[in-house]
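Presented below is the structure to which this report refers.
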């Protein structure tokens, strides 16, 4: 019996020793860790997104605003594990169980806040608040959300917001950005995100066992982002967007003496408000698979032959090298021969035309004759000086450089020498030559401001960046400016539909030939129409605005693009009254559509024959 008692004693001592050792291990060795876990169960840190800075136009008209947003959030560890509860939660908040689990996986820590839905309605808030106790940790937070006041207008310029990607979160500049915050991913919102974003705050709260907040421990308030003012003029922008409705194309308007962007429109466009609450997968797929490519900024990304707008550079090149003078004349019988027949757009020909009339009437034969004599590298030299074939450096992603052909380029790209017959095509803006609308707007500004090439920029108040002053004879630039005025105001000028009673406008039409198949969803007739161009400036002296209008498959520059340039320029010089501005805003949003007759200049009759290269 004594032995049994002794054995039992030692067993009891051993068990208690094990308990004491385990208690020592938990309290001393693991004490800090478990204390932290307990604290996390009691204390929660909730990110507070910072309100973004407001974006204004050059006249301090707000283009965006921040509105109250009711968001649903939950701590990751509070998200139900069992399928039945998870499905019930999904029914309450309007989200599938599958999507809830996807959002849960984004969170790194079990104590990280998961934002389940953004910008819900007040009716949904009431329904969720009534059942919050059924789902511990479920919260309705009040944050701010972006609202783009003009919808589709300037969407490619302003851009949109979305969650940062894993790659972005790994970069130092986003180290203080919460995973589920919104950052700029396109346009101005992206280019100036660091200014607009602000600094997120934090809310430290004490919760009970059900995850409900019982006390606010500390609040670190967010810092609002900086406001910025764009160089864009909303009046010119609205008119550009309205004029492009139902078409694909682009309008770029620059301040000729500074490089400020006054308008940049690309059609078709998209509504950045789709991204405010996080775009649905179906809506995103619809955008990226749309054959009209609404997300593409045609003003800076698409590259097209410039057509006869390029004749301004061909003329300048020939004048500067002495190949032609102001008094040179050529007889146009409708075609010329150089290894093959090169035809003028006007079948019967223009008769005898001098250098001035060749621009006014856009006579192809005159420029073919220049192309027979001039070196392609001479044309490339002057075109390059005016910025063709290179990026403008505007602060937007995805800009294309276009293509400026030369002997060196063809040897590298095609492994072939340059043939003089190819120069004839380039002389009228065809062949291997491609440009972007923003390049053509900058070229136009350089032609009328004395040969000064400015870097286009989007912020108002910035000092102009003069990249270079081109070494050309000012008399030649004045000659081209007067010829461009003749395009609009002289008899037989191809741009008569740009005539204005508000301001004197000079310009040059262009029609770029289309070669290729038929795009999905488009008729063969539409897809085989030529592209329409019109470059313009105003007023005649001390020009303030330079524009480039491009209408994809629009037909002729004189009929499709020139009226758009006129309306954009007039909107800049003669801004509408508040009432008419509101009507214009409604028209752009599709709430009211002015009849086509209101857009046309009744004082300028459309020609029976218009330019067609």
When you scan segment 433-443, do you find a residue that is modelled with pLDDT of 95 or more, assigned by TED's automatic domain parsing to the domain that holds residue 414 and surrounded by fewer than 24 Cβ atoms within 10 Å (Cβ to Cβ), even just one? yes
Condition check: more than 30 Å from residue 261 (Cβ to Cβ), in contact (Cβ under 8 Å) with a residue 60 or more places away in the chain and touching a strand residue (DSSP E or B) at 6+ places or on another chain (Cβ under 8 Å). Does residue 57 satisfy that? no
Conditions (1) modelled with pLDDT of 95 or more; (2) over 17 Å from the mean Cα position of the chain (by Cα); number of the one not met by residue 240: (2)
Residue 412: passes all of (1) surrounded by fewer than 16 Cβ atoms within 10 Å (Cβ to Cβ); (2) within 30 Å of residue 462 (Cα to Cα) but (2)
Of all residues making up segment 291-321, the number that are in contact with a strand residue (DSSP E or B) (Cβ under 6 Å, 6 or more places away or on another chain) and assigned to a loop (DSSP other than H, G, I, E, B): 6
Could you name every one of the helices (runs of 4 or more DSSP H) located completely within segment 175-290 that has at least 1 residues being touching a residue at least 24 places away in the same chain (Cβ under 8 Å) and touching a strand residue (DSSP E or B) at 6+ places or on another chain (Cβ under 7 Å)? 187-191, 193-196, 234-243
Kindly list the number of the only condition in (1) touching a helix residue (DSSP H, G or I) at 6+ places or on another chain (Cβ under 6 Å); (2) modelled with pLDDT under 95; (3) more than 20 Å from residue 559 (Cβ to Cβ) that fails for residue 512. (3)
For segment 550-571, enumerate the residues that are surrounded by fewer than 24 Cβ atoms within 10 Å (Cβ to Cβ) and assigned to a helix (DSSP H, G or I). 559, 563, 567, 570
How many residues of segment 140-174 are surrounded by fewer than 14 Cβ atoms within 10 Å (Cβ to Cβ) and touching a residue at least 60 places away in the same chain (Cβ under 8 Å)? The answer is 1
Hey, does segment 447-469 have a residue that's touching a residue at least 12 places away in the same chain (Cβ under 8 Å) and assigned to a helix (DSSP H, G or I)? yes
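The values are calculated or read from the model by the stated rules, or taken from the named source; none is laboratory data. It should be emphasised that the depicted structure is a prediction, and the values quoted were computed from it without experimental measurement. We place every Cβ from the backbone using ideal geometry, glycine too, and count neighbours over all the protein chains shown.
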